[in-house]
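Please treat every number below as a calculation from the coordinates, not as lab data. In this text, all values refer to a predicted model and were calculated from it rather than measured experimentally. Note that each Cβ is placed from the backbone with ideal geometry, even for glycine, and that neighbours are counted across all protein chains shown.
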Amino acid sequence: MPTPSRIERVRVYRTGATVTRVVDLEGSQPEIEIVGLPLALLDSTVRVRVKTGDVRAGAPQIGLFARPPADLPDPPDEARLRELRRSIERDEAHIAALRHECDLLAGIRVPARPRGEGRPPASPMPARVALERFTHGSIDQRLGRIRELEVGLHGKREEAADLADRLHRSNREHLADRQTVSKAVRFPLHGDPAGPVRIEVDYHVPGARWAPTYQCHVDTRTGDTAIHQRAVVVQDTGEDWSRVQLELSTALPTRFSELPELASIRIGKAQPPAVQRGFRPPPTGAAALFADFDRGPLPGAPRVQPTRAWAVQTVALDDVLEMAELEVEEEMADSPDMDFDESPEPAPEMRMDRAESALAADGFLGAPPPAPQRARSAAAPAKRKKARERDMAPGKPMPMEPDEAHDALPTFADLRLAGARSPDRGRLSPADPRAEYRASLDRLGLTLEDDLSGLLDQAQQRARAAASVGLPPGTSDIAGVIGAFDYTLHAEHRVDVPSDGTFHSIALASRSTRAELTYVVVPRVDTNVFRVAAIHNPTEAPMLPGPVEVYVGGRYVLSSQLPLVGPRGRFHLGLGVEQGVRCARNTHFRESRSGAAVVAMNELHHTIDVTLHNQLDRPIHAEVRERIPAPAENAEVAVEEVRVEPPWEPWDQRKVGGARVLGGRRWTLDVPAGERTRLEAHYVVKIYANNEIVGGNRREA
């Protein structure tokens, strides 16, 4: 009986997501089965945790589940169907015979009146009339019988079709509908809980992606700012996320990370560096455990049924044999004159198939004749030891067994111990997941009519297509901007994300902060005054790059792009043109000659006059950006600032993310409400009298 569960939490990564299901139990239950899981989930990522309750969960097993077909109201009567089909055949043959008789009767013609040489004989009218009556009456009688048979035949055909359909459906009761096939997780529970039990099951599924977006509401009068963090999320995992706690992470859950190797620190005699090994090769000499099996039972000895406990002890003996063999090999390396015989190893043709494993408690199947012994030289252990050390050298990739190549993340529950006659006997190998899937359907008494591999591959392809779908316009991929750290964003409320392969806008959180408004104008280029808000990041996490919708006074103003902002950092956001502040710029030019007659200089006097008029009912902080000529290195030109009121300061455009601009200057000032402020700058460009500036001596248009 499937156990009810619900999706409690979902964490979406750059690609893929980890889903957490919750199972609430009242009382003890020996086994838990959770059904309805997506076909695209990765089996090796399933984890079971007991949150509350005095119970222990066993190793999970992944299988398939399908809803059985609806039960028929009553079983079909096959004998009645056979009888109806025979009756239909008889009626159809009878109708065909009657139609043939009608065709024969219709072919009878009344003979014409004979012609004589003299006077014609009398016409046999009564006989001719009797013949006409016979033929027409016989045809009418047979047509009536045909109509009666056809009416009955129609009812018999309908009844036979209904019985045939019910019989067909009853014969397909063991076939699972591919629309209802899903993955299932089964695991045992150990213990007798005294209260309610809560169990969480985590699994990773591909087919999900997200990107950040924002909304910024600014009040220009008070500076109060609200930042709404949002995200666009797409998922096509095969299950809808309804009322879930959503988390968005910038990490990659399946990325390989190698743990650092910590060397031991010892006091005393110097020790050779230990080889840090994350992989241990299979123990050698395990074939000796099967020597008695290969020799067969003793005459008259009772047949002993092997048990699973004996198999577990056999696995433990492998480690003991490996340590003993390593000690022997070390001694052999020191004494190369010693020699010994290897334990008998069975031939491949004398090994048992995995399905016939004697360790599976399926019965003793007999023993093959003993295999011949093979001798080896004393140098073999040393060669094998050197080869093993060479394989385990740091930096060399660990060897992967052929059976492990299909699953990059094997789990202990998926390992199976090979039988005594298997070529891989004495070794643990990952089981074929598709065999487990078929076995789970067999337990339900169902079979899958479609190709199982095609069904699973289709689910994986559908999930990968959703994970690689293009982002909406304006959004950016977070993979290239997060650097070496990963972050997680949490949604404040439960959300719904359907599994439809399209992006959905999700509200994550809202934060309040303050904005410092500055009115920026570059009158040399444009006299419009722009509002720029310096906003502080109100969170302890960074704000990732993404599109932001800007609202001023509750009205939408524009859309912009938010850069990467660190925790508690500050960013600038444009709020559009402020119509309540006016700017006017006027320039004056005067050219004069100075110096002696031999070395004369031309002085190009430029005056910049800027007027700011604040028509708002509140004071503003303004920034006026200007630029004066900057002579190149070794140029015969000099630029001098004569008078600037009020004083300005050098300004580098690269501070706000722009390109480098030479000769940048900036006025920063406060303009009271309803007042005008005048800014004036006077600079002189000095050149030799016989030279001119490219583009004209007048630099201000």
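Among 645-655, 434-444, sorting by the average number of other beta carbon atoms lying within 10 angstrom of each residue, highest first, gives 434-444, 645-655.
Size of the range 530-678 from its Cα atoms: along the principal axes, largest to smallest, the extents are 68, 39, 21 Å.
In terms of its C-alpha gyration tensor, the range 633-672 comes out oblate, because a/c is 1.5 or above while a/b does not outweigh b/c. Here Asp294, Asp526, Asp609, Asp236 are placed in order of increasing Cβ neighbour count within 10 Å, fewest first, which gives Asp526, Asp609, Asp294, Asp236. Per residue, the average separation of C-alpha pairs within less than 8 Å and at least 6 apart gives the range 581-688 a relative contact order of 38 percent. Restricting attention to the range 527-578, which trypsin sites (Lys or Arg not before Pro) occupy a DSSP loop and are surrounded by at most 15 other Cβ atoms within 10 Å? Filter output for the range 527-578: Arg568. Protection proxy ranking, highest mean first, for peptides 617-627, 670-680: 617-627, 670-680, where packing is the per-residue count of other beta-carbon atoms within 10 Å, averaged. Each peptide in 631-641, 199-209 gets a packing score, the mean of other Cβ atoms within 10 Å over its residues, and the list from highest to lowest is 199-209, 631-641.
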